[in-house]
Every structure is written in C-alpha cells, then in structure tokens.
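The values are calculated or read from the model by the stated rules, or taken from the named source; none is laboratory data. What you see is a predicted model; the values in this text were computed from it and never measured. Reconstructed Cβ throughout: ideal geometry from the backbone, glycine too, with neighbour counts over all protein chains shown. Heads up: the accessible areas ignore ligands, DNA and RNA and are worked out on the full protein's heavy atoms, side chains in. Shrake-Rupley method; radii C 1.70, N 1.55, O 1.52, S 1.80 Å.
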Amino acid sequence: MKKIVVGILAHVDAGKTTLSEALLYRGGTIRKQGRVDHQDAYLDTFTLERQRGITIFSKQAKAVFEEMEMTLLDTPGHVDFSMEMERTLQVLDYAVLVISGTDGVQAHTETLWKLLEEYHIPTFLFVNKTDLLGEAFTEEMRESMMKSFKERLDSSIVDFTEEVHMMEEAAMCGEDAMEEFLEKGSLSEETIALLAAERKLFPCFFGSALKLFGVDEFIKGMEAYCCELVYPEAFGARVYKITRDEQGKRLTHLKLTGGSLKVKGLLNGEKVDQIRIYSGRKYEAVDEAFAGGIYAVTGPEKTYPGQGIGVEDEAANPVLSPVMTYQVLLPEDTDPVVALPKLRELEEEDPGLHVVWNESLKEIHVQIMGKVQLEILKDMIRERFGIEADFGTGSIVYKETIASAVEGVGHFEPLRHYAEVHLIMEPLPSGSGLVFDSSVSEDELDLNWQRLILTHLGEREHPGVLTGAAITDMRITLAGGRAHLKHTEGGDFRQATYRAVRQGLKSGESILLEPFYDFELEIPGEQIGRAMSDIRRMQGTFEPPETLGDTSLLKGRVPVASSVDYMSEVNAYTKGRGRLRLQFGGYGPCHNAEEVIERIGYDSEEDVENPTGSVFCSHGSGFYVNWNEVPDHMHIESCMAKDNREQEKDREQEAARGEYDKAGQSKGSGRKKREWSGYADKELEEIMLREFGPVRRKEYGSRNTRYIAGGKSVDAGEYYKKHRDKNRNPAENYLLVDGYNIIFAWDELKDLAKTNLDAARGRLMDILCDYQGFTKCRLILVFDAYKVKGNPGEVGKYHNIHVVYTKEAETADMYIEKVTKEMAKDHRVRVATSDGLEQLIIMGHGAMRVSAAEFYREVMEVKEKVREIIEK
C-alpha cells in the first residue's frame, strides 16, 4: 500500500478544511463530517479556530483507502498565517490546491502556486463548491475555468474529469508520454504518475467537498497517480514545527526522511522520551518511527523549525516574512522581563511571529503578518499565560541592505584580549536574505576560529546604520582574520565580528528597504480612474486594467506603508462592490527613505550596544578608534586592496607581453578576479587529477555543485578547503581512524551502538572533531560500507574532520592499507585500530599504529587539557 504525506492548501474560504473532513470521512477516520460553521471540524482542534472559523495552525490526521495510506496535513488559508503554511511545505510528498469554484484563482492562490513551485512539490487541484453554481456550472463554464487556470497558474493543468480529452492533453506534457500515446493510443497509470511526480502534469478535479460530490473520483485519481517514495537507509529527519501539548510538554514535529528512530534513542544528541502519531487532538504512542512518516517526539529541547538532522540539510530561509511591528503593552503588574520568555514560547511555535526585545527601553515588540494575526495573538497570550496584553500603534518593519561591495574591519584588543576580522559584504538580489561564507585558508586562521566567526554572523540580527533596522540581501564572506596564541578567547571574535559588520555598513552606501504588497483590485468599471489615481498616490505601480464584464481588474504592486487602510476606502467609494486582495510581495527600495530616516531619528554613533568602531591596544591599555579611522590601525592588510593590487600587477605583466586586445581587455592569461563567495583554482584540479583521475564536473542546480571523479561524489567547496594547501607542508601529521573498530572497542560507544548505530557514529565524529581541534592533525575517519550493493563510496567532511565510507567490496582495512602505503612516503601517518593484522601491514608501510585503548587515553588526555585551558 502506498504511504504518502499530503498537504491541503487554499486561499481563505475555499473549502480546504471541508475537503479534509471529506477525505477523513471517506477514509474511515471519522464517522461524521464536521463543518467549520458548526464549529465541529475534526482538525480545528483549538478553541480560537472553532470560534473564528479559520485554521490557524497546521494539523495532522491519517486516512486509509483501498490502495493508499494518506497522512493529511491541513494548513491555514488566511494570508496572515501564510508562514505557518509555508513551513509545512518542507515535509510534503504531494499537495492538493483547493480553488473555490465561485471565486476562481485569487492573488493568494497564485502565491501558493509560486511556493509549491519553489519547493518543487507535485500538486493536484480540486475545484470546490461547484454545487453553489447550480445550473450555471455548464461545460462552457468548466472550460472557462480551465482556461483561467492554465493562463494564471500553469499550462500543464489537465482536467481529469473529462476522459475524452484527458489522455491527449496529458500526453502533451512530456516527450516520452507523447511517444507512448501515439503508439498505444493511451497512457499507462505509471506514465501519468511519473509526469505528476516530476511536476510536468497537474491533475485537476471538480466537485463539492461538503456534499461529497466528486470526492470519490478525486481519491481514486490520487491512488492511481501518486508514486510511493523510496527513502535511504541512512538516518535523516526534517523538523517543521514546535508545539506544546496540554501538559506543557515540548513537541518536536518532524518527518523522518531516512532510517528509523526508537524511543530512548538520540535525536541530534538528545534523548527521545516518546514518539507520537497525531490524528486531530488524539495521538498514538509508538516505539519506533520509520522513514516517510510524520511524528511528534518529546524529549529534545534544542530542535527548531527548518532543522535538518542526519543526512538532511538545513531548510532554506522562508520566502514570506512579517511586515508590521507593534509594541506589546503589558499590565502595570506584569514585568516585561518575566513576560519575555513566555512570548518566546509563542515565537518558537509560530513562524509568523518575531519577538524583539529593546534593551535600552525595556520594551517588547512583535513583528507579524497582519491585524488578524494580532487579534489571535492577543487571545493566545490571555488564554495561555493569563496576561491581558494590548498593542500599540503599528508601524512598518523596514530592512536595510548595501548598494555595492565593501570591506568591513573589526578589531577587539583590550588588555589580554585579541581578535581581528575582515569581511567582504556584497549585495544580493531581493529576497536572498543573508548568506555567510569564508575564503580564508587554515594557514591564515584556524578552522575553529573561522567556524566561530560564521556562527557569530548568523546568531543574531545585525542592525543597519540608517534606521537600526535588520540588514538583509547580502553575502558576507570572511576574507581575513587573526588570533593571538595566548590572549584570544571566543568572546573576542564575537566583538570583532559585530564591529566588522557595523564598520562595513558605515563605509559603504546603505539602502533602506520597505515591504510591498502584490494587489488585485476588482471594482466597477466606472471607478477604474479613481483606483488608478489612488495607486499612483500611494507610490504603487500597476499593469493595464482588464475588463471583466461590468467590472475592471487592476493588478500591481504597492508599498505596505501607504496601503494598510486602503480596503476601507475601496468599500466607501464602490459602496461595498469592490474587492481588494493583498499578498506580501517582498522588499524593495523605500519610496520615502529620507522622510522615514528622519522620522525614526536613529544615530548609529549613539547606539552603544552596537558600536561602529574598534578597540586597539597601546602601551598596556585599550583605546577606542572611530569606524572611519579603523583601516589605518588594522593589523592585516585590506583584503580588497590586496586583491586589486594583484590584479593591477597582472594587467601590467600582460600588457608587457602584449596580451591585451585592441579594446584593452585581457585575453585571459592574467589572474581571474576573486569571487569572494568562495572559489576553486587550478591547484584543486591538479590535486583531483593526481589523486582520483580525470575530473568530470556535474551541476545539480546553482546551489549544489559537485565533482564526480573515480566513482566518488565530492563536494567541490569542501574538497577545495581540504586539499588547497596540502603540498605546501609535506610533513603534515595524518591520523586515520578505523571507525567501527573504535566504536566496538570503546565501552561508551559500544553500548550506544547496540540501540542506535547512527548515534554511535555521530558521537564518535563529535569526539574526533574536538580531538582534531586541539591536536591540529589531518584526521580521516573510515567506515565500512562494503556490503552496500552498488555503493560507489563517499568522501565528505564533518566539521573539521574528513569521513570516508568505503565502496562496495572494499573494507575499511583495505582502504586504510592502500592510503597509508601512498601517504607514508611524504607524511607522518598514524592509524588508530586494534586489528592485529592491519597493525602489522601499516607498520610495514612506514606508518605508526595506536591501539584503540591507547587512542582512548589520548582522547581523554586532550579533553582534560581543554578543560584546564577553559578553567584558566
């Protein structure tokens, strides 16, 4: 039986929850269909949802049909809770987009479609409420709807209720499908299912969820045209939300994307106390979770939405973000410091809520999506914590970015402290958020310090220098840094990093950004002139108006600041006949930046919590240097200036050799301009060629470039960092560790492996990371994967160590023997293993061996030394 996770999405009042009820009823989960207007919907489990008739939080339920077991996730439809809906997309196998037959495609529908495309989720469509159209729902109207869907959403949407033309239209969605159709006159279910899974085809069904009309056909269509997913054996999980149950226990909601998880096992290093499968309010406790399922676990306290665990990467930044900010007005007897952690709980559970603490004013501010969310938040604070909170006048959430690349320098050197950081800050396209990277070699700055700097860059929102608003849409690359062997502490780099960001912002040109709405305004035709004039007055833009019978449709983009209360104006001048639909459309340059900056009155030099200058030391005492004078005092040469000088030198050499064309452009023999986002040079290619044979490069999209060489898949960036300086120090120390030999020789890991081998591997890797960070050896951890059929082997990096999984038919012993034979010629090599035969062989190759017991003592000694250093 197929097992799939399906999310139900729709614009508000399209009948999304009603369709969920119909599916659960047909699947035998409930005996009677609930109704939103009767306040008895199975998935509206919160009192506020039943009272207001809207879905606020995503819910889970299971429905079992003849050929399919469906885990159903019902998501909010109201625009104010779009971020709750968006985070659910991370764990879906398929999506069902519900469209109201009476309203058609709305602005929010188009936003949902774009998100589904962004997350690449196969999608079915269900056109609901066709019963309300009565006799008006003719064949002609159905064709008109399909035409609208194809024009506004995607041309590959196919009506699956019209069998006559369905096969022919589906065949046009792929070349292989067309060949099959021409040969056989029809398409197999497998072919259609594959087209749908690849988002080349979007099946569309019509009906009425309330009256169960068309629902059975829709279920049969999903059973026939959904593929069952295959998951890897390696453990992986994706966290998509955090909640608390009625007893206040913290619940981590996740989808298992590989392997399995048992009660009392470890999830990212934290013990799992209970595994639950929810269905509405109720849940079933199970002993083990399997790949493909949606679960809620108790125990872990450090998980967060979007977190990737095991083989899963971190989720991308959300597309949507809050646009309004309000001060929280607490009762006189409520201390803001006491209320803050309570609001943090709600922030953890609601991705559309950002809580901001103003230390200087001792005020709490909340950033939200809209006024409906604000009303819900007020009710939740009263219901959950018994606090009668109110909110001040709302204002816009502004952001800041930069106009061009700039170098920021931060230095922190009071007495007995030292750290210097150089950052290259570059603008990125709107909606990119902040991207952090490093282009520094380990010779210049230890990898542990580099990781610490990148952590400090991402651990907080950095205020801009125009209004103090958070910065966004830029790439910040660590280009240089320096530590002191004796005096540098972790907190020193935090200070230097923060100051480098601020100094860079002051040195460059900043741009104030404001949020925009994408709007659709449907009004009587005679009012179109007034509407266009209003949009211009609000500094908005619009497309040429469309005529829809007696009404006109205007689409465009308008600043949130000038359009917040425009709905009331529309109702007034159209006498209630107008409809305005607003959807968050991202950030853009502020239309009245000077006015906003002057009104806010932020002074970056008076912001003592976010200094723009640096601290240097002279004659045993520290002194403060203003941001504009910092470059004259820094200890490391400007990275951008150095790079520009090298390029100028190359140009002079090329000119001397006559290697410039008539237009004065280099013919390509000079140095390539540095890409601050991280780059690979000829040295990488030479090393790859020497060690793995000819290199074949394959692109998996712009975000994931990998090298495929010698049957191994290696991440180009990590491989470069590993090998970039290898030949410069031929006497480096290498330590190879036989992973499973060590695991089953150390009691702690052996006991852990009995319950969860993945956890034991992870624990060993963490221990070795700490060991390497102190000893600075090149550490390679090798695991057997020789029994995995078809396994080509894998070489990767885990923090500061290298991890190798051997290929099919190759044991860890064989790999280590082969590597030591080659490496021991030029390097000092040690091997940690208790395999007697292997010890003899590696000693014969000139390598040194250390037993598992001896290695354990070494690791404990290192741990003790680190503890002593920290105490000092």
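Which order do the peptides 583-591, 533-541 take when ranked by the mean count of other beta-carbon atoms within 10 Å per residue, highest first?
Per-residue Cβ counts within 10 Å, averaged per peptide and sorted highest first, yield 583-591, 533-541.
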Excluding ligands and nucleic acids, what accessible area in Å² is computed for Lys750 using a 1.4 Å probe, to the nearest 10?
80
Just need the relative contact order of the range 520-644 here, percent rounded to a whole number, with Cα pairs under 8 Å and 6+ apart.
19
Please list 3J(HN,Hα) in residue order for the range 626-638, calculated via the Karplus relation 6.51 cos²θ - 1.76 cosθ + 1.60 where θ = phi - 60°; whole Hz, with x for glycine and proline.
4, 4, 6, 9, 4, x, 6, 10, 5, 8, 10, 4, 3
Defining a contact as two alpha carbons under 8 Å apart and six or more residues distant in sequence, what relative contact order in percent does the range 470-562 show?
28
Please list 563-571, 516-524 highest first by mean number of surrounding beta-carbon atoms within 10 Å per residue.
516-524, 563-571
Between the residues Met222, Thr191, Leu212, the Cα farthest towards the positive end of the dipole of the range 190-233, that dipole coming from +1 and -1 charges on the beta-carbon of Lys, Arg, Asp and Glu, is from Leu212
Could you pull out every residue, at least 5 positions away or on a different chain, whose amide H is within less than 5 Å of the one on Ala10? Hs are placed 1.01 Å off N in the peptide plane, and Pro or chain starts have none.
Val98
Considering only protein heavy atoms, what per residue accessible area in square angstrom results for the range 523-657 with a 1.4 angstrom probe?
57
With charges set only on the Cβ (+1 for Lys and Arg, -1 for Asp and Glu), what does the dipole of the range 527-618 come to about its Cα centre, in debye to the nearest 20?
960
Heavy-atom surface of the range 247-290, accessible at 1.4 Å and reported per residue (Å²):
49
Can you give me the long-range amide H partners of Phe391? Hydrogens built in the peptide plane at 1.01 Å from N, cutoff under 5 Å, separation of 5 or more residues or another chain.
Leu329
Give me the dipole magnitude in Debye, nearest 20, for the range 103-224 about the Cα centre, with unit charges on the beta carbon: positive for Lys and Arg, negative for Asp and Glu.
520
Using the Karplus curve 6.51 cos²θ - 1.76 cosθ + 1.60 with θ = phi - 60°, what ³J(HN,Hα) values do you get for each residue of the range 370-380, in whole Hz, with x for Gly and Pro?
x, 6, 5, 4, 5, 5, 5, 4, 4, 5, 5
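When the accessible area of the range 479-546 is split by element with a 1.4 Å probe, what percent falls to carbon and sulfur? The partial results should precede the final answer.
Numbers: 1350 of 2960 Å².
The nonpolar share, carbon plus sulfur, comes to 46 percent.
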Percent of accessible area on the range 303-354 owned by carbon and sulfur, 1.4 Å probe?
52
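Skip the ligands, DNA and RNA, and give the accessible area per residue of the range 326-435 with a 1.4 Å probe, whole Å².
Here the per-residue accessible area is 43 Å².
By the gyration tensor of its Cα atoms, with a ≥ b ≥ c the square roots of the eigenvalues, what is the shape of the range 206-301: rounded for a/c under 1.5, prolate for a/b over b/c, or oblate? Don't skip to the end; give the middle numbers.
Working: a/c = 3.17, a/b = 1.64, b/c = 1.94.
Note, shape of the range 206-301 comes out oblate.
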Highest-first arrangement of 325-331, 472-478, where packing means the average Cβ count within 10 Å
472-478, 325-331
